[in-house]
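Chemist: Okay, handing you the structure first.
The values are calculated or read from the model by the stated rules, or taken from the named source; none is laboratory data. From a predicted model like this one, the values you see are computed outputs, not experimental measurements. Backbone-built Cβ (ideal geometry, glycine too); neighbour counts: all protein chains shown. Each accessible area value is taken on the protein alone, full model and side chains, heavy atoms only, with ligands, DNA and RNA left out. Shrake-Rupley method; radii C 1.70, N 1.55, O 1.52, S 1.80 Å.
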Amino acid sequence: MKLIYHMSMTELDATTKKWLLINALFGSVDIIEDKYSRIIDKWLENDDIIPVTEDENRIYNFLLERKYLISSSEEENNIKGNILNKLRLNYNHRLENISNIVLVFNYDCNFSCPYCYENNRDNANNKYSMTEEMVDKIYLLHSNITGITLFGGEPLLLENMSIIKYIIQKSPNARYNVFTNGYFLEEYIPLLKKLDIGFIQVTIDGEEEVHNRTRILKNGEATYKKIMEGIKACLVNNIPIKIRMNISEMNLNSCNIFKKNFLDEFSDYKQNISFEMQPLYQLNGKAKMKLDDELYWNSSIIGKYDEGFTTDNVILNTASPIVKLFLLNNTKIYPQYSRCAVEQMSRFYDSMGDMYSCFLSVGNESDSIGTYYPNYALKENSLIDRNIESIEKCSKCRIALICGSGCGNAAKSSNKMIPNCEQVLDDIYVKIPKLYRIKQKN
């Protein structure tokens, strides 16, 4: 017997001398003592492992039980081939049966937020709006639309009401999600309260004074009071609200105060309230790591995740499979063919006739996957073509089955067919050790 190729062993905690063992082929994740890591290290190049000592026999039997040992490379390749065949079939089935669409009516917005990631996009595009003819073309591409997300720009501008009504006429029973700055929520309540709403995401960046420093109208006027009236109207009408907060060191304390006060004020509607708290996307390095620890990797937040879902900060619900395994104390990871489920299950359509596969790519034409109007055409080697078979480096990687090639958008490269290894390395070397230490203290 020999060790499988598709495994990884990394130091988990230098103080307790524990090591993390990952079986990417069968989805096993284990924690072992330092003395056993040294034995495994000695066996890495051995094609015929014969345990001799008591410790060697103990770890050998453990590895055999957990499927870290295999008779030959050929057997391992056959197992991996069977896994890839199933993943590929499921992946293609999803791509061919997309029922969730995201609509960008235009790129216009009534706000002027200094940190907006859409500010660097071509303002000339703001004058184009989606037409009924474009909507009809979208519906020809999907036989069964069950989910519709309104995105932007700002989707709930008053001038978009007629096109929204047209879409509702075509899909009155779909589930709707809305990403909005919330300024015109009250005006849209008569329409929204008739729909099946999954959530309406509204950005609040702290208490009134703090929020009004960044979430301002183009004419410089404040927005907090009007947004809060709209949020209240939604909750009273049983419409779920997700409060998005863009966090920096400057507003972290204010956001936490707002969150507590908001939950106290609307305690009768807690079942319809969730929060999404993330560091500003422009932050990196130590500033981002510090905020990550405050927002995600602390015992108070992790303790609320025991059931597998939290409304305290929904970003934790999007954690990678290996991080979720540690959050939930599970014992198995299921393989990934591609990193992002959104790209397999949703299509984004904008007012320029372009198609996208991700929220972060919307409006960046170079990141589009093709066009739908006036003519339908898919690009080659776009984000939807990324998977662990199409990317050469991933096809040879030991842990690709738990990584799924990483996020193509986060890689910040014009070449979409290269892996983004940074995410899985951050999971293994940073996030999981933090989770382990937190759980040990608890």
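Chemist: Return the pairs, sorted by first residue and then second, in which the second residue is small (Gly, Ala, Ser), the first residue lies in region 138-151 and is assigned to a loop (DSSP other than H, G, I, E, B), the beta carbons are less than 7 Å apart, and the residues are 6+ apart or on different chains.
Modeler: Taking only residues 6 or more apart or on different chains, the pairs are His142/Ser99; Asn144/Ser99; Ile145/Ser99; Ile145/Ser171; Ile145/Ala174; Thr146/Ser99; Thr146/Ala174.
Chemist: Out of the residues in region 81-99 that are open to solvent by 80 Å² or more (accessible area, probe 1.4 Å) and basic (Lys, Arg), which is farthest from Ser395 (Cα to Cα)?
Modeler: That would be Arg94.
Chemist: Taking helices (runs of 4 or more DSSP H) that fall entirely within region 323-442, which contain at least 2 residues that are out of contact with any strand residue (DSSP E or B) (no Cβ under 9 Å at 6 or more places or on another chain), open to solvent by 10 Å² or more (accessible area, probe 1.4 Å) and over 30 Å from Lys137 (Cα atoms)?
Modeler: Helices (runs of 4 or more DSSP H) meeting the threshold: 392-395, 422-426, 432-441.
Chemist: Anything in region 165-178 that is without any contact (Cβ under 8 Å) to a residue 40 or more places away in the chain and over 18 Å from Lys226 (Cβ atoms)? List them, or say none.
Modeler: Lys165, Tyr166, Ile168, Gln169, Lys170, Ser171, Pro172, Asn173, Ala174, Arg175, Tyr176, Asn177
Chemist: Could you check region 215-240 and list, in sequence order, the residues that are part of a helix (DSSP H, G or I) and over 25 Å from the mean Cα position of the chain (by Cα)? Even if it seems obvious, please write down each step before you answer.
Modeler: Of the residues in region 215-240, the ones part of a helix (DSSP H, G or I) are 224-236.
The answer is Tyr224, Lys225, Lys226, Ile227, Met228, Glu229, Gly230, Lys232, Ala233, Cys234, Leu235, Val236.
Chemist: Name every residue in region 177-194 that is crowded, with 18+ Cβ neighbours inside 10 Å and at negative phi, in order of residue number.
Modeler: Matches in region 177-194: Asn177, Val178, Phe179, Thr180, Asn181, Tyr183, Phe184, Leu185, Tyr188, Leu192.
Chemist: Search region 308-322 for residues being hydroxyl-bearing (Ser, Thr, Tyr) and part of a loop (DSSP other than H, G, I, E, B), and hand back the single one that is surrounded by the most Cβ atoms within 10 Å (Cβ to Cβ).
Modeler: Among residues in region 308-322 that are hydroxyl-bearing (Ser, Thr, Tyr) and part of a loop (DSSP other than H, G, I, E, B), the one surrounded by the most Cβ atoms within 10 Å (Cβ to Cβ) is Ser320.
Chemist: Quick one: would you say Asp48 is among the charged types (D, E, K, R), exposed (fewer than 13 other Cβ atoms within 10 Å of the Cβ) and either under 19 Å from Ile432 (Cβ atoms) or in contact with a strand residue (DSSP E or B) (Cβ under 9 Å, 6 or more places away or on another chain) (or both)?
Modeler: Yes; evaluated as a whole, the condition is true for this residue.
Chemist: Kindly provide the set of residues from region 413-442 that are under 17 Å from Ala24 (Cα atoms) and of a type in the set (A, V, I, L, M, F, W, C), ordered by number.
Modeler: Within region 413-442, Cys421, Val424, Leu425, Ile428, Ile432 qualify.
Chemist: Please go through region 17-39 and pick out each residue that is in contact with a strand residue (DSSP E or B) (Cβ under 6 Å, 6 or more places away or on another chain), among the hydrophobic types (A, V, I, L, M, F, W, C) and open to solvent by less than 50 Å² (accessible area, probe 1.4 Å).
Modeler: Leu20, Leu21, Ile22, Val29, Ile32
Chemist: I've got another one for you. Six or more apart or on different chains, Cβ under 9 Å: which pairs go from a residue in region 416-428 that's within 19 Å of Cys358 (Cα to Cα) to one that's among the charged types (D, E, K, R) and modelled with pLDDT under 90? Could you list them?
Modeler: Final answer for the pair search is Asn420/Arg339; Asn420/Lys412; Gln423/Arg339.
Chemist: May I pose another question? What tally of residues in region 409-430 results from selecting those that are at pLDDT below 90 and touching a helix residue (DSSP H, G or I) at 6+ places or on another chain (Cβ under 6 Å)?
Modeler: 2
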